[in-house]
Amino acid sequence: MSQKDFTPESRKAFLEMLDVLKESVELTSNSALDENDSAEGYRFMTHFIRTALEQFFENDPERPRFVPMITPKMAQPWAAYSAPMEIWSPNPYTIYDWAPLAPGRSYRITGKRGSVRYLGICLYSGTGWNGLMPPRIGDWVNMTNLVCEEDGSFEIIIGTRRPVGAKNFLEADPDLHSVLIRQFFVDAKNEEPARYMIDVIDHPGPAPRLDDAAVAHRLRSVVAFLKETGIDFMKQYGGRPSPIIPHVPNQFDLAGLDVKRSDAGRAVRGGTGFMYINPDHWYLFCNFDLKPGEALLIDLKPPKCLWWGLYGTNRYMQTYEYADGGRNLVDIGNAVIDDDGIARIVVSAEDPGIANWICTQGHLTGTLCIRWTITGIDPSDESAVPKPATRVVPFAEAGKRLTGK
């Protein structure tokens, strides 16, 4: 059969993917603030392409495997995570692993707990395996209620009914979509990351050949992912105001995660799955907007919690460089807290000479994000969530904020 005798559906889908990539080039070029901002936009799209291919082309909910959704800018000893891949304002020094799941299937996750400070496993529901973002949060477990053996090993069953004797069980919604595992580090060089794998309990058998229809479906899932979470994201976030970022510059506020449920800052089961929100976090954002020679001062009093951190991102919600000595994270592990319980932080392009410094790497505008993790604050009590005080000053004043007990 010659090429003239057929027109593969996969070819049409591949061309659709190229059209989306061309649209992303035009969007980035037209919205860029300058040539460096444009370059960051192109890097942003390469990360989305890699994520889309890993999740929706080279994966299968009938035979899933964990793949990196986001890989941090970490050096050795995590060789497998050495190439950064960042989308949606990822937390520095965090590993995010994702696997697609199919409604009606049962799964088993087995692994070792390690010593990482925070380990969370969360299900997401809705839309099916088509590249679209899951609309809802499902069941979840974290290291506070994960049952492990003496050697740190664990097993989690995912399904519609809890098997007899199951120590860890996550209830699957009828429209199960995926599972995401997060690991938050405090001492990335010395903590042992968790290790895990996923298997289908009612395994369907060997994978069939990827035919034209299957490849076309996977490519169109990639297209849907790139459009919704890449193109549409840039259209919404690239212009201000963003739907999730507070509008008043240089002030922190709770992220607007779910206007339908009136939940702000923190997600709950059945609430939005937008950007794979974590139900163990409170999220706060700040759009900083500085002039040359200015700095943003932040007075942050952390609540009692398992983990917290503050970091900066560019306009595309990708973090500033922090590997190999970069300064883009003040967290529970490295913050200098004064005797009054406040971490006094400087956000600036130049080094103010204090420990609590977020380096903007020359960006005059960007986003700051805070996560309070497992605080014990009730999801309905937004007033109890601490919001840092901020003010803009000439950079010369920033160095006067000496911190230390």
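Name every residue in segment 370-394 that is at negative phi, out of contact with any Leu (no Cβ under 7 Å at 6 or more places or on another chain) and modelled with pLDDT under 90, in order of residue number. Outline the logic, then answer.
To start, the set of residues in segment 370-394 that are at negative phi comprises 370-373, 375, 377-394.
After this cut, where a residue has to be out of contact with any Leu (no Cβ under 7 Å at 6 or more places or on another chain) as well, the list is 371-372, 375, 377-381, 383-384, 386, 389, 394.
Within segment 370-394, 371, 372, 375, 377, 378, 379, 380, 381, 383, 384, 386 meet the criteria.
Filter segment 358-384 down to the residues that are among the hydrophobic types (A, V, I, L, M, F, W, C) and surrounded by 21 or more Cβ atoms within 10 Å (Cβ to Cβ), then identify the one that is nearest to residue 90 (Cα to Cα).
So in segment 358-384, the residues among the hydrophobic types (A, V, I, L, M, F, W, C) come out as 358-359, 364, 368-370, 372, 374, 377, 384.
From the residues that got through so far, the ones that are surrounded by 21 or more Cβ atoms within 10 Å (Cβ to Cβ) too are 358, 368-370, 372.
On the way: 358: 16, 368: 11, 369: 9, 370: 11, 372: 14 Å.
My answer is 369.
Would you point out which residue out of 31, 38, 10 is under 19 Å from residue 89 (Cβ atoms) and not acidic (Asp, Glu)?
Working: 38 fails: under 19 Å from residue 89 (Cβ atoms); 10 fails: under 19 Å from residue 89 (Cβ atoms).
Result of the check over 31, 38, 10: 31.
Each row is one residue, and each column tells you yes or no for (1) aromatic (Phe, Trp, Tyr); (2) at pLDDT below 90; (3) in the same structural domain as residue 378 (by TED's automatic domain parsing); (4) more than 23 Å from the chain's Cα centre (by Cα).
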{"site": "211", "(1), (2), (3), (4)": "no, no, no, yes"}
{"site": "246", "(1), (2), (3), (4)": "no, yes, no, no"}
{"site": "262", "(1), (2), (3), (4)": "no, yes, yes, no"}
{"site": "279", "(1), (2), (3), (4)": "no, yes, yes, no"}
{"site": "284", "(1), (2), (3), (4)": "no, yes, yes, no"}
{"site": "290", "(1), (2), (3), (4)": "no, no, yes, yes"}
{"site": "296", "(1), (2), (3), (4)": "no, no, yes, yes"}
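Limited to segment 100-138, what total is found for residues that are under 19 Å from residue 153 (Cβ atoms) and of a type in the set (Gly, Ala, Ser)?
4
Tell me which residues, restricted to segment 143-166, are modelled with pLDDT under 95 and under 24 Å from the mean Cα position of the chain (by Cα).
143, 144, 145
Among the residues of segment 148-168, write down those that are hydrophobic (A, V, I, L, M, F, W, C) and surrounded by 12 or more Cβ atoms within 10 Å (Cβ to Cβ). Don't jump to the end; show me each part of the working.
The initial filter retains those residues of segment 148-168 that are hydrophobic (A, V, I, L, M, F, W, C), namely 148, 154, 156-158, 164, 166.
Within segment 148-168, 148, 154, 156, 157, 158, 166 meet the criteria.
Is it fair to say residue 297 is out of contact with any Pro (no Cβ under 9 Å at 6 or more places or on another chain), surrounded by fewer than 23 Cβ atoms within 10 Å (Cβ to Cβ) and farther than 18 Å from residue 349 by Cα? Let's see the steps before the verdict.
Details: out of contact with any Pro (no Cβ under 9 Å at 6 or more places or on another chain): yes; surrounded by fewer than 23 Cβ atoms within 10 Å (Cβ to Cβ): yes; farther than 18 Å from residue 349 by Cα: no.
When the stated conditions are applied, residue 297 does not pass them.
Sort through 206, 174 and tell me the only one that's more than 24 Å from the chain's Cα centre (by Cα), farther than 28 Å from residue 112 by Cα and at pLDDT below 95.
Unique residue meeting the criteria: 174.
The values are calculated or read from the model by the stated rules, or taken from the named source; none is laboratory data. Keep in mind that this is a model prediction, so the values were computed, not measured. Because the Cβ atoms are built from the backbone with ideal geometry, glycine has one as well, and the counts that use them run over all protein chains shown.
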